[in-house]
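The values are calculated or read from the model by the stated rules, or taken from the named source; none is laboratory data. Treat the numbers as computed from the prediction; the structure is a model and nothing was measured. Note that we place each Cβ from the backbone using ideal geometry, even for glycine, and neighbour counts take in every protein chain shown.
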Amino acid sequence: MKVFKFGGASVKDADGVRNLVSIVRGFDEQLVIVVSAMGKTTNALEVLTRNYFNGNKEGMTLNFNQLKHFHFEIFKDLFSGHVNPPNHEIEAIFEQFESRLGHLPSLDYDFEYDQIVSFGEILSTKIISLYLNSTSIANQWMDIRHCLRTDATWREGNIDWSLSTGLVRSYFNFEKNRIYLTQGFIGATMTDQTTTLGREGSDYSAAIIANMLDAESVTIWKDVPGIMNADPNKFATTQKLDMLSYREAVEMTYYGAKVIHPKTMKPLVEKDIPLYVRSFLEPYQEGSVICRIDHIMNYVPVFISKEDLILVTISPIDFSFIAEESISKIYKLFASHRIKVDLVQQSAMNFSVAFDRPERGFDQLISELKKKFVVHYNEGLELMTIRYYNDEVISQMTHNRTVFVTQRTRTTVRFLMK
């Protein structure tokens, strides 16, 4: 049994869905297919969520109608030659969605986010499942929220592994079906309230399901030939990394490589399940594989860039040293705002942290810090991480740039710069 994961870029339009079908048709094994929301649907749903939460009914209605039009255009294209297309199932999802938006929002933005944004995955998987069946590729659509149970940590639900494993094995039993099609990114609490697993979390969903079903492998289908040593959209010259160890993949995702969700590797390592990254544009090419490697690998320099970061430098008001007690208070405050720190630098009187600009609450965070510390910050910075660096690539990456922070180990150098 294999697990396939298709991201939003692979199903952004009707041709993308047809391409997915052609890829699936080439495999006769038992499959679990995990699919993300179509194209930029999650981004659009995030805008809708903000309008809903802030009471902007006009903006919310516009967002909803645009999303409905987008999905039905894909549906109509796919089923253009069908006498009785099963559009009632898609209509039913939008009716449920519209009904949800008819309620007043709660006071918890993150809760509302999970309830609304999750409709993207429900819609994409239902459309694709219906189309697969229409092309004689029989499959069972599965609502993963019946199986993946989490706590109530909205926007980053923590999996109840014991309960979820039993449910996944019960629902995905392959007794009557060779192919199951389900959603990435989402789960549900014990009381059936929808949760999400973190932005871009469909990779993680695929790894969780693979672990629970003891899958032979996981394949992530992307718009690149495999795992590259740099983002092809930012670097003119890149190289494909044919093979990576689990450890190297963890390092890359920790530093911000977007090819794989950071939580993906742990469930795979536990069961020694290889992860393949292949191109949905060239599906017969080998791509890259992440697996257990015990010998030392010689890697080319790997470049990982994160943009639009904020550097906050915190100093004691009374010129005392930055001590453990102060650091503990700072981290506790960051945690309360659910901010994940990308870089930390400490000196005798300064404690500096870099992080992605939060969607909400940055001004409040700074205000709270200023009650106890002197605070300065810089915005719009880039964090460049270079694995397996040399002097030449360091010079190239920092030329004519203002460097705010530098950190270096034997294998990795990081520059926070503008």
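If I ask for residues that are of a type in the set (S, T, N, Q) and either in contact (Cβ under 8 Å) with a residue 12 or more places away in the chain or in a strand (DSSP E or B) (or both), which ones from segment 374-398 would you list? If the condition is that a residue be of a type in the set (S, T, N, Q) and either in contact (Cβ under 8 Å) with a residue 12 or more places away in the chain or in a strand (DSSP E or B) (or both), then ASN378, THR385, ASN390, THR398 are the ones that fit. Do we have any residue at all in segment 105-112 that's in contact with a Lys or Arg (Cβ under 7 Å, 6 or more places away or on another chain) and closer than 27 Å to ALA152 by Cα? Checking segment 105-112: at least one residue is in contact with a Lys or Arg (Cβ under 7 Å, 6 or more places away or on another chain) and closer than 27 Å to ALA152 by Cα. Go through segment 330-364 residue by residue and tally those that are touching a strand residue (DSSP E or B) at 6+ places or on another chain (Cβ under 7 Å) and in contact (Cβ under 8 Å) with a residue 12 or more places away in the chain. Qualifying residue count for the region: 17. In the condition set (1) touching a helix residue (DSSP H, G or I) at 6+ places or on another chain (Cβ under 7 Å); (2) under 30 Å from ARG18 (Cβ atoms); (3) surrounded by fewer than 15 Cβ atoms within 10 Å (Cβ to Cβ); (4) not small (Gly, Ala, Ser), CYS147 is compliant with all but (3).
Among residues that are of a type in the set (Gly, Ala, Ser), more than 30 Å from GLN96 (Cβ to Cβ) and either at pLDDT 95 or above or crowded, with 22+ Cβ neighbours inside 10 Å (or both), SER217 is included.
For segment 315-337, the criterion of a residue being touching a His at 6+ places or on another chain (Cβ under 8 Å), under 29 Å from ARG199 (Cα atoms) and at pLDDT below 95 is satisfied by no position.
Residues checked against (1) among the charged types (D, E, K, R); (2) assigned to a helix (DSSP H, G or I); (3) within 21 Å of VAL24 (Cα to Cα); (4) in contact with a helix residue (DSSP H, G or I) (Cβ under 8 Å, 6 or more places away or on another chain):
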residue	(1), (2), (3), (4)
SER124	no, yes, yes, yes
LEU130	no, yes, yes, yes
ASN133	no, yes, yes, no
ILE137	no, no, yes, yes
TRP141	no, no, yes, yes
GLU156	yes, no, no, no
SER164	no, yes, no, yes
LYS176	yes, no, yes, no
THR191	no, no, no, no
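One residue alone among ILE322, ILE327, ILE314, ILE293 is free of Cβ contacts under 8 Å to residues at least 60 places away in the same chain, of a type in the set (Val, Ile, Thr) and not in a loop (DSSP other than H, G, I, E, B), and that residue is ILE327. Taking the listed residues SER99, SER129, the one that is hydroxyl-bearing (Ser, Thr, Tyr) and surrounded by fewer than 22 Cβ atoms within 10 Å (Cβ to Cβ) is SER99, with no other qualifying.
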